[in-house]
Every structure is written in structure tokens, then in C-alpha cells.
1. When we measure straight from the Cα of LYS90, which lysines land under 23 angstrom away, once same-chain ones fewer than 8 places off are left out?
2. Between helix 240-251 and the chain, what is the angle of the helix's C-alpha long axis to the longest principal axis, kept within 0 to 90° and rounded to the nearest 10?
3. Take the alpha carbon atoms of region 243-328, find their radius of gyration, then divide it by 2.2 N^0.38 Å using N residues; give the quotient.
4. Working from Cα positions, state the angle (0 to 90°, nearest 10) between the long axis of helix 168-180 and the longest principal axis of the chain.
5. Could you tell me how far the Cα centroid of region 170-205 sits from the Cα centroid of region 64-85, in Å?
6. How high is the relative contact order of the chain, given as a whole-number percent (alpha carbon pairs under 8 Å, six or more residues apart)?
7. Rounded to two decimals, what is the ratio between the C-alpha radius of gyration of region 293-377 and 2.2 N^0.38 Å?
8. Have a look at the chain and give its Rg and Dmax from the Cα atoms, expressed in angstrom.
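Just so you know, all these numbers are worked out from the coordinates, no wet-lab data involved. All values derive from a computational prediction rather than experimental measurement. Cβ placement follows ideal geometry from the backbone for every residue including glycine, while neighbour counts extend to all protein chains displayed.
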Amino acid sequence: MLLKNASFYDDEVLKRADIRLKDSLITEIEENLSPTNNEEVIECGNLFVLPSFIDLSVTDLEGYENLKQKAFKGGVGLLNVFDCDKSGIKNIMAIKNNQLADIATLKNKGGEILIAPSDAFLELISHYAKSYNLPLLVSLENSFEALNSGELAYELGQNFVENAFENTHLVRFMEVSRALQIPMLLDKVSSIATLKLIKAFNNLGARLQAQTPLSHLILDESVYEDYEPRFKIAPPLRDKESQNALKEALKNNEIAMLTSLHVFKNSNAELFEESAFGCESIENAFSVAYTFLVQKKVISLQQLIKVMATNQARFLKLNAGEVKENQLANLMIVDLNAQTRVSNQNSPFYGLELYGEVQRMILKGQTTFIKENACKS
């Protein structure tokens, strides 16, 4: 496959060239490449070629094939799906049914990432992560309270997460990372206090990174005043001051990765109190991130690529996440000028007008999704 006249970023440098894909890899990046016999040619004259996103915090409640197709529309090529045998990234849930999993056997069967849902068995989980050199994703189970503690929770009379205790379990992981030099990714970080603790422990030698939900950078808890079920997300959204502080942290590279935090809302309940928790957002992941983070000048497009593709690939030790020769040909072709509107009524972003749209997804050199009438050969 030959991508002609593609605009792309090589590190921080904007370039325009032809990109040849062969045998799952990006094999050549040069100007004026000529197609070989029977080579598929894709004209990218007014389009951008970006590395496909990697999402490390997805829950499958809708069937993996449906989830995957939604992800492709949102520019997400590789998924780490909790409790799913078909996950694109083979993960090991460290604890199953309150028991420690057989981590050694699962690693030998191809496990690529270890997920800790609680601090139970912390010593053993840490031992396995270090011994097998497994990336450790700390994704603590949600308390499933509708709001964070504060004035709005009291005003609306909703159950809430008590912020005073939210870091007590995470701190144990932070100290283990410092003491044993284990790289850890802390999932669903939306508290400035958590980010300050991460920074403090890293200054002491810990190897911690933070991953934040995209929704928490774009929405704040004021949306709860409308009692709409689509905003019932776990963990809950923060107040405006905290949301702005998260944006500053993202600008300052204190947040390493972003996630759609996609969870299918398997409920049609109309009442906020009765509806299921969920965040149907992955099919608009690129457009939402581009519109509210890049166009609003929170971060640059190069930074967006880093926090949604490059850093994830490095954490997983994958040969992907960048547009370079000899990298895996996991790419998306996007039209940054296209406009779209979120039509999914269960999405927290329903009705919003977005900029930037995925035209084609390519995984290991093969097209997996193409928008109708988009970037034809």
C-alpha cells in the first residue's frame, strides 16, 4: 500500500511525503515514490496520517466485534479490554473472584500487561510484575457513587465518593514503585492531589505515570444538575476548578496518557438514579480530543499523538505509536477540516459539534475501516 502526498509528524517536525506499507510495517518514507505492480495507492493530499491511538482502559459490555468497529471510527486501533479474552492487548487480571490469578501461566500464554484492580495481594503482584518485566496498570475498582464529595453532591442529594480517602490505596502502589523500581501506570487519575503525590514519589525515584479519562478534561460536574443518565460516569466528573487544573497538568506533561474510558451503558433507564454507569465515547475519541484539546489550544496535535499513541506504545514496549520507517503500520488517515456531530444519545458528548474525522484505519498494513466516500484509491 502506498500513501501518496501524506502530511504527518516525524517527532515534532511536520513533513509531507509518500509512505509505503509492506508486510505489516512502514517500509519507506520518501518524496515521489512510484507504485509497484498491483500496489494499492491512497491519495492523502488534503489529509493527515497519524499513528492509530491505543486505549488502555476499555470495558466490553456490547460484544468485542461491535466495540472494535466503534473504536476504529474513533481512531483507536489497539484496545486493552478488561475481562475479555479477545482483547487486542493480551492482559492479565491479577485478581479474579477475590483470588490471585495464576500470573506465571498467563504470562507464558502471551500476557503483555498486568492489571491490578485493588491493593490486595500487592506484594505478590509486585513480585510478578518485577520478575516477568510486565507493565503494571493500576486500575482500582470504582466505588460507583454518582458524584464526588462537595457542595453539588450535597445540593443534589446524591451518593458521593469521599475524596479524603481516594488516594489511600494508590499510595501503597506508589511506595512499591519507588522501593522496587517497578514502572506503573495509574489509571483514571482525575484528582490534582493524586497528581501531586505522583510527582512527589517520582522525585523520590518512583516510576509512575498517570492516565486520565478524556471525559474529565472536557466535562465538569455541573452537567449533573440536568440529571441526564449519559453523564453517569465512574469515576465521577470533577468541579470546574479541578477540570482546569487537569488541563494545566496535561499541558505540563504531568499526565502521560489519555483514555476514552469507554463502557457501554447497558441500560435504557431514564432516571439518573436508576441508570447504569458508563461512558460511550470511543467512536468519537479522535474528534473529541482534537476539537477540545487541540483546537482549544490546550495541547498541540503532536502532544495529542504522544498521550494517545506514542506513550502507550512505549509503556507496552510495542514497535508502534509513530510514523517512522520500520514501525508497525498502525495508522489512521484523518480529515482535520471535516465536521461531525455526536449522534449517540448515550454519549456524554451527545449533540456536540466536532472537528476532525477518521477517514481510514490501517492496522499492520491492512485497511480495517474506511468511511464512505473517503480517501479512495
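1. The qualifying lysines are LYS68, LYS70, LYS73, LYS107, LYS109, LYS130, LYS188, LYS306, LYS317, LYS364.
2. Approximately 40 degrees, to the nearest 10.
3. So the Cα radius of gyration is 1.33 times the expected 2.2 N^0.38 Å.
4. The two axes meet at around 60 degrees.
5. Computed from Cα coordinates, the inter-centre distance equals 28 Å.
6. Once divided by the residue count of the chain, the mean separation gives 21 percent.
7. Values: Rg = 14.7 Å, N = 85, 2.2 N^0.38 = 11.9 Å.
Region 293-377 yields a ratio of 1.23.
8. 20.7, 68
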